[in-house]
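Heads up: the structure comes next, in structure tokens.
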Amino acid sequence: MVLPFYLMTPEYFMRLALAEATKGDAPYGAVIVKDNQAIAVAHNTVKRDKDPSAHAEINAIRQSTALLKTSVLEDCTIYTTVEPCPMCATACVWAGIAEIVYGASIADLIAINQSQINITCEEVIAKSFTNIKVVKGVLRDDCLKLFL
Ligand SMILES: [Zn+2]
């Protein structure tokens, strides 16, 4: 679906991710956007798939690369309800994603006793060979509410 430009806000795509998060085995949702269109919408399927790597972001990356028939997601933005964990941040690096937009941070989740690896996505990116723009705190309170 092609949206009018005024609807293509970070909040719009984050709301898509939020709606998707409610379907997950854990309340995380991710959307990948290319040319202002959502090309993948995914949630956490770790328990369903018996796959500890099946985080929302990894699932969204897999959907996108399958759709585009490439391993490279340059010019793509990933919207994710929670800051990507080190595994997912690394997958974003390897995929060549241009931008990460997240809601709640890893620190926010640790503060409410959620199991997290305490490394920010910016630390992972800083140690890599590339740069990814990071936008934080989009609809943060709504993203956090899913855990309460
Ligand atoms: Zn992850």
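Stick to Cα atoms and the Kirkwood definition of Rh, then tell me Rg/Rh for the stretch 1-68.
1.01
Of 65, 80, 130, which is the most mobile in a GNM of the chain whose springs link Cα atoms less than 10 angstrom apart?
The residue with the greatest mean-square fluctuation here is 130.
Name the most mobile residue of 16, 73, 109, meaning the one with the largest mean-square fluctuation, in a Gaussian network model of the chain with Cα contacts below 10 Å.
It is 109.
Quick one: of 34/133; 23/145; 34/69; 23/127; 23/50, which pairs are farther than 22 Å apart, Cα to Cα?
Long pairs (Cα-Cα over 22 Å): 23/127.
Would you compute the Debye intensity of the chain from its alpha-carbon atoms alone, equal scatterers and no solvent, and pass along log10 I(q)/I(0) at q = 0.21 Å⁻¹ to two decimals?
Debye output, listed in q order: -1.40.
Rounded, prolate or oblate: which fits the stretch 47-104 when a ≥ b ≥ c are the square roots of the eigenvalues of the alpha-carbon gyration tensor, with rounded for a/c under 1.5 and prolate only if a/b beats b/c?
oblate
Just to be sure I understand the model, the point goes 7 Å from the Cα along the line to the Cβ. What's the resulting residue 110 to residue 9 distance in nm?
According to this spin-label approximation, the distance is 3.2 nm.
Since every read-out is calculated from the coordinates, none of them should be taken as a lab result. Note that the structure is a prediction, hence the values are computed from the model and not measured. Note: ideal-geometry Cβ built from the backbone for every residue, glycine included; neighbour counts use all protein chains shown.
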